[in-house]
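The values are calculated or read from the model by the stated rules, or taken from the named source; none is laboratory data. All of these numbers come straight from a predicted model, not from anything done at the bench. We place every Cβ from the backbone using ideal geometry, glycine too, and count neighbours over all the protein chains shown. Just the protein is used for accessible areas: all its heavy atoms, side chains included, with ligands, DNA and RNA removed. Shrake-Rupley method; radii C 1.70, N 1.55, O 1.52, S 1.80 Å.
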Amino acid sequence: MRETLLTIPLNQDTSRKIIHIDMDAFYASIEEREQPAYVGKPLVIAHDPRKTGGKGVVTTANYTARQYGIHSAMAAAKALELCPQAQFKTPDFVLYRQVSEQIHEIFHQYTDKIEAVALDEAYLDVTENKLDQASAVAIARQLQMAVLKATSLTCSTGISYNKFLAKMASDYRKPFGLTVIRPEQARLFLAELPIEKFHGVGRKTVPKLQALGINKGRDLQASSELELMQHFGKMGFQLYRHAQGVDGRPVDYQRQRKSIGRETTFRRPLRSDEEVVPVLRELAAGVAAHLAKAQKHGKTVVLKMRDQDFNTTTKRLTVAEYVGSETQVYELAQELWQTYGQLQNGIRLLGITVTNLAPLSFEEIQLPLFRDDTPRES
Ligand code: TTP
Ligand code: MG
């Protein structure tokens with residue numbers, strides 16, 4: 001292993017005990033529980049593309065279907081192509097919400113310091129907890145058993161001293177895994193981790209990192225903070241810290257997410273609409289997937305643009321009806337770009353954020369998630 005030269009001493013706080021919990025194939029496992037005939041056969045939670053004229057998006061798929069390459073946010077039509085014998089089940093969000101509430105009740109038996117990231121995913125700070133249980137591992141195990149008993153569903157847990165590591169740990173062994181990363185193990189665990197597994201590294205960033213010879217956590221650990229920031233801006237700053245096992249973010253148990261956004265920086269500034277459009281599409285897709293997972297939609301789309309001289313402009317567009325689908329978000333961002341976009345000084349950064357968020361209500365749920373062609377009403 002290469003030695004890392006730390007330029008700035010990092011504040012390595014290892015005193016907290018954080019658990020990240022993530023339900024296994026959440027929607028699909030619930031449907032399997034309701035309908036045991038699905039078990040062992042490929043199951044896709046989406047409207048059947050044969051009945052929607054090819055429209056719709058996969059919310060999730062059971063592990064059997066994933067073996068065919070089917071995954072969340074994929075077009076349902078593509079899933080059908082990959083696995084013609086797959087069964088399609090229309091999502092039942094009312095039921096998924098109920099299960100989510102049920103698992104949260106269990107979490108609250110241990111602590112009220114709970115940050116819900118999605119219906120099926122939460123961070124718990126159990127440094128102090130209602131049972132005075134010193135072992136976070138024991139709590140995680142108890143939680144998994146309690147969730148199983150109450151819901152007949154499995155979840156995976158990750159335990160560590162910060163949120164980033166806990167999240168990486170819960171993903172390490174699925175389903176029904178329990179992974180602990182202790183302070184002295186963190187650097188080695190991260191060294192072995194492929195960069196595409198790092199939380200916060202999107203599909204677009206992977207090839208950029210690889211082009212720099214960064215394939216695993218160990219390569220990030222050997223990179224300087226300056227180098228990573230030069231290439232990846234704010235994300236580089238985060239990556240640098242995370243690769244060293246540092247993450248000071250608290251478990252934000254009072255948080256009500258106000259906005260959901262994505263942004264990306266370019267080393268070589270963009271100079272044409274042809275370069276900008278695919279980026280806006282990619283950003284809109286990312287934002288839409290995150291909105292879907294959080295079961296939110298919003299009324300305002302914000303476009304952030306930065307030029308070569310670091311002049312940053314944000315422009316917003318508010319519409320009468322809530323938006324959440326990739327197409328809706330993209331179209332509004334594109335409208336903002338058409339109106340305010342300036343190319344003469346190059347574009348160094350683009351970001352799309354949806355704000356004015358509200359939870360999808362039962363009636364609205366299927367609209368932004370699955371009718372990607374829904375015309376905008378504004
Ligand atoms: P995930 O935890 O990402 O996926 P999962 O629980 O289905 O599978 P895993 O075992 O890998 O954790 O998301 C939780 C639920 O959120 C998922 O069951 C469906 C929903 N979801 C969407 O609706 N759209 C999306 O793009 C994603 C990623 C998830
Ligand atoms: Mg999950």
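What's the local net charge at residue 302, with K and R +1, D and E -1, over the other residues with C-beta under 9 Å away? Intermediate values should be presented prior to the final figure.
Details: positive: 304, 315, 316; negative: none.
That works out to +3.
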Any chance you could look up the accessible area of residue 314 with a 1.4 Å probe, heavy atoms only, rounded to 10 Å²? 90 Å²
From the residues 347, 228, 272, which one has its Cα farthest along the dipole of the chain in the positive direction, the dipole being from +1 and -1 charges on Cβ of Lys/Arg and Asp/Glu about the Cα centre? 228
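Using helices alone, what [θ] at 222 nm do you get for the chain, with -39,500 (n - 2.57) per DSSP H run of 4 or more residues, divided over all residues and rounded to the nearest 500? Each step should come with its number before you reach the end.
Details: 13 runs with 142 residues, N = 378.
Roughly -11500 deg cm²/dmol at 222 nm, from the helical runs in the chain.
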Listed residues 80, 25, 56: farthest to the positive end of the dipole of region 14-181 (Cβ charges): 80
Tally Lys/Arg at +1 and Asp/Glu at -1 over every other residue whose Cβ is under 14 Å from the Cβ of residue 50; what's the total? +2
For region 204-278, accessible area per residue (1.4 Å probe, heavy atoms of protein chains only), Å²: 55 Å²
Please report the relative contact order for region 57-106, taking Cα pairs under 8 Å with a sequence separation of at least 6, and give it as a percent rounded to a whole number. 30 percent
Dipole magnitude (debye, nearest 20) for the chain, charges at Cβ of Lys, Arg, Asp, Glu: 540 debye
Could you size up the charge dipole of region 259-359 around its Cα centre, putting +1 on the beta carbon of Lys and Arg and -1 on that of Asp and Glu, and report it in debye to the nearest 20? 360 debye
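With the cut-off at 26 Å, tell me which of the pairs 174/234; 41/78; 51/258; 113/174; 234/315 have Cα atoms farther apart than that. Working shown, then result.
Values: 174/234 30 Å; 41/78 18 Å; 51/258 35 Å; 113/174 24 Å; 234/315 20 Å.
Where the Cα-Cα span goes over 26 Å, the pairs concerned are 174/234; 51/258.
Please report, as a whole percent, how much of the solvent-accessible surface of the chain comes from carbon and sulfur atoms (probe radius 1.4 Å).
Working: 9110 of 18390 Å².
Carbon with sulfur: 50 percent of the solvent-accessible area.
Before anything else, pin down the relative contact order of the chain: Cα pairs under 8 Å, at least 6 apart, normalised by residue count, whole percent.
Working: 718 pairs, mean separation 59.9, N = 378.
Result for the chain is 16 percent.
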Toy charge model, Lys and Arg Cβ at +1, Asp and Glu Cβ at -1: region 27-104 dipole around Cα centroid in debye, rounded to 20, equals 220 debye
Per residue, in Å², the accessible surface of region 28-86 once ligands and nucleic acids are set aside, probe 1.4 Å: 48 Å²
Any chance you could look up the accessible area of residue 257 with a 1.4 Å probe, heavy atoms only, rounded to 10 Å²? 90 Å²
GluC sites (Glu not before Pro) restricted to DSSP loop in region 1-101 with at most 13 other C-beta within 10 Å: 3
Considering the options 169, 242, 119, tell which one lies farthest towards the positive end of the dipole of the chain, charges being +1 on Lys and Arg and -1 on Asp and Glu at the Cβ, about the Cα centre. 242
